[in-house]
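Everything below concerns the one structure shown next.
Please treat every number below as a calculation from the coordinates, not as lab data. Quantities reported herein were computed from a predicted structural model and do not represent experimental measurements. Methodologically, a virtual Cβ is constructed for each residue, glycine included, from the backbone with ideal geometry; neighbour enumeration extends over all protein chains shown.
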Amino acid sequence: MSSRIPKIIILSVVVVVLSALFHWLGAVQFIPWHIGYSDIAPFFQKTLEPGLPYIDKLVEYPVMTGMFIQAMGFAGKTFNGYYMGSAMVFILLTGVSSYFLLKMAAQDAHGHVLYFWALAPSMFLFSVYNWDVLALFFVVLALYALRSGRYYRVSAFLALGFSTKFYPVIYMLPLLIIAPLTKRGKLIIVLAFLLVVAAINVPFMIAHYPGWFYFFSFNAARMPNVDSLWNVLGVMIPSLGDVKAINRITLALFLLSSLWLCGILRKGEVEAGFFGVTLLFLLSTKVFSPQYLLWLLPFFALVLPPSKKLFYALELSNAVVLFSTLSFLFRDVPGSLLTTYVFVVARHCLLVFTFISLLYTLRRQGRVELLFSSLRGRLLALS
């Protein structure tokens, strides 16, 4: 084991500890609440409500996140116990994720894991902001299984991620299209995904289907959030006020662009496909919470390390979006909404540039086939 590995793991853990401390100071109002805000803190009140999530009370997150929140409240008893328990799990999962990322990275690329993962500003701001670290852990395990060609494990880990934060389901598309699998192999990974999803979700579906389905109905009816490009576009184009139209447009944009990407990538370029569809999802989604930038960190560390100027420009624009949005929502600070809009556009431009850089690098390395016919052939192979 390289001598750098333990140091990088320790640094990643220290960053999450500092994140937990920062958001706890906000929760107890030692620093302004809107500065140290986290989604985790107010959900303690949800754990105090009688009954179980999805069966007796509504939760706008998938089953594994809702049950994790409830478990932390039950085990912690008090707010501090709930918060500390949650933080300790995030610290542990981040440390383990760092270990697997370092195992996947070449020895001379450990610096990428250090700068674009462990010491990323997003790791400090968001590791104890929401519950994304739970899903991110399963994504890292899926990437690790992918390196060894154990595709059924990849599928199972993605199912766990889907049941935690939904977004890992998007990786099934490049897995099915780009991975060097036979039709039987594709059937196995689909069945593995469905079996894990069913094992976690079906008991809640049977017990109280409306409560289980609330996550989906809540997000379907949800308008673009303040810090989403679709909200900025809605200010300029009033017809985009129809949430059903936005849902159709965003879904079509994501699916068409992702199918195109999967069609041009050479067979076996699954990691690049994962990275690409993550960028496309962030570019098309109607809800873009700032912590979503965490989703990119494993790919920055493993697939395409960006220039530090690009990386920190993206991180800075996202941080400005976070704090200007919180200032608008909780304090109505003059100029904060305009600042949010400006930096939302800047963040999107940087994400577009990141996607173009990915395509350019892959093409230069001979890892893409810029032919639409390749997509048609792969789609036919799925049938």
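Points to keep in mind about this one:
- Average Cα contact separation per residue, the chain, under 8 Å, 6 or more apart, as relative contact order %: 19 percent
- Sequence-distant residues sharing a close amide H with residue 368 (under 5 Å, placed H): 266
- FRET efficiency estimate (nearest 0.05) - Cβ-Cβ, residue 183 to residue 39, R0 30 angstrom: 0.10
- Hydrodynamic radius by Kirkwood, which averages 1/r over all alpha carbon pairs of region 4-382, in angstrom: 21.5 Å
- Helical mean residue ellipticity (222 nm; -39500 (n - 2.57) per DSSP H run of 4+; nearest 500) of the chain: -23000 deg cm²/dmol
- 202, 277, 344 arranged by Cβ crowding within 10 Å, fewest neighbours leading: 202, 277, 344
- More than 18 angstrom apart: percent of Cα pairs within region 1-158: 62 percent
- Counting charges near residue 314 (Lys, Arg +1; Asp, Glu -1) among other residues having Cβ under 12 Å from its Cβ returns a value of +2.
- Sequence-separation-based contact order of region 156-279, relative, with Cα cut under 8 Å and 6+ spacing, percent: 36 percent
- Neighbour counts of C-beta atoms inside 10 Å place 143, 48, 58 in the sequence 48, 58, 143, starting with the fewest.
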